[in-house]
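The values are calculated or read from the model by the stated rules, or taken from the named source; none is laboratory data. Source: prediction; values computed, not measured. All Cβ positions, glycine included, derive from the backbone under ideal geometry; neighbour counts span all protein chains shown.
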Amino acid sequence: MFSSFHQGRKFSELSEAEIIALAISSEEDDARIYRTFAGQLRAEFPQSAKLFEEMAQEEDVHRRRLHELFETRFGPDIPLIRREHVAGYYARRPIWLTQNLSLDQIRGTARQMEAQAQRFYETAAKRSSDSATRKLLSDLAAEEASHEDKAIHLEQSLLSQDVRDEEDEAAHRQFVLTWVQPGLAGLMDGSVSTLAPIFATAFATQDTWTTFQVGLAASVGAGISMGFTEAASDDGAISGRGSPIKRGIASGVMTTIGGLGHALPYLIPHFWTATMIAMIVVFVELWAIVWLQKKYMETPFLRATFQVVLGGALVFAAGALIGSG
């Protein structure tokens, strides 16, 4: 009845056989994770995929040695014990949460995996009062340390600086295509297209609450429209722009943010104070877009300024004139 409150056994409660069984299951899990990484990277980063294949093979060797050790000491029946059964044992990220990691994040995760295993065995060895168990845990810690060194050696031998630079550049390009480009398009649309209705309402009514409501509706509506449009326009299979869901989220969220930037000041009840702050926000938004275009899209500064600042100024002027008229 109270089994759902069970937090796992303490490491101090495990027998030597259970400790070895835990090490075997952990090595098996890590090999599976490395092979998952290899599968995710194989199409775009073949050299990194090869690195993780070899690391998975190293984990297999580790597991076989531990398996032989267990059979020698305790027989063929290995108890079922996994890391989630032990309180405080280092956790691993679920497979479905590793599918969206960047190349650098995957490499960092692998290094962290080996370092965590090494630290765990070292700590466990210090806490053990049994000499045989302490020696076993110390040996495992040494194995994990050598495995981490092996991983570094494999990375250095398989990934030359040219290969690493090429893969890093490809990863950066994918990041720009999947997140930056649709996000920037959304920010531009949200910042510019909502200027006319917001400032037309502001000057027509001089009612800050009504202006905020119009701005909120325009921003959210534009965000939903841009998000669905981006997601439906390209599935990414041929263009290589990545997941349509990711691009839709980036475009929709940034469109909404772009519109809300100059709508939120109208929560201030004083009309001219709110309007002056909104104008300042618009100025900052437009120049921020110019900077982002130059940095990530390599758009020449003058061209970006012409497209964004001049276009935004014209839309703002149109909204103000219509509202004043």
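Figures for the structure shown
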| quantity | calculated |
| --- | --- |
| Unmet criterion (only one of (1) more than 23 Å from A200 (Cβ to Cβ); (2) in a loop (DSSP other than H, G, I, E, B)) for P269 | (1) |
| Output for segment 233-280, where each listed residue is under 19 Å from A222 (Cα atoms) and of a type in the set (V, I, T) | I245, I249, V253, T255, T256, I257 |
| Matching entry among A185, A145, A170, A151 (being at pLDDT below 80, among the aliphatic types (A, V, I, L, M) and more than 22 Å from Q118 (Cβ to Cβ)) | A170 |
| Count of residues meeting criterion [in contact (Cβ under 8 Å) with a residue 40 or more places away in the chain and not in a loop (DSSP other than H, G, I, E, B)] in segment 240-263 | 15 |
| Filtered residues of segment 274-318 (kept if β-branched (V, I, T), in contact with a Pro (Cβ under 9 Å, 6 or more places away or on another chain) and either under 18 Å from S193 (Cα atoms) or part of a loop (DSSP other than H, G, I, E, B) (or both)) | T275, I280, V281 |
| Residue list for segment 286-325, restricted to those being closer than 12 Å to L184 by Cβ and modelled with pLDDT of 85 or more | A288, I289, V290, W291 |
| Residue match in segment 260-278 (condition: under 23 Å from the mean Cα position of the chain (by Cα), surrounded by 21 or more Cβ atoms within 10 Å (Cβ to Cβ) and aliphatic (A, V, I, L, M)) | no |
| Segment 264-315: number of residues that are in contact with a helix residue (DSSP H, G or I) (Cβ under 6 Å, 6 or more places away or on another chain) and either free of Cβ contacts under 8 Å to residues at least 12 places away in the same chain or on the phi > 0 side of the Ramachandran plot (or both) | 3 |
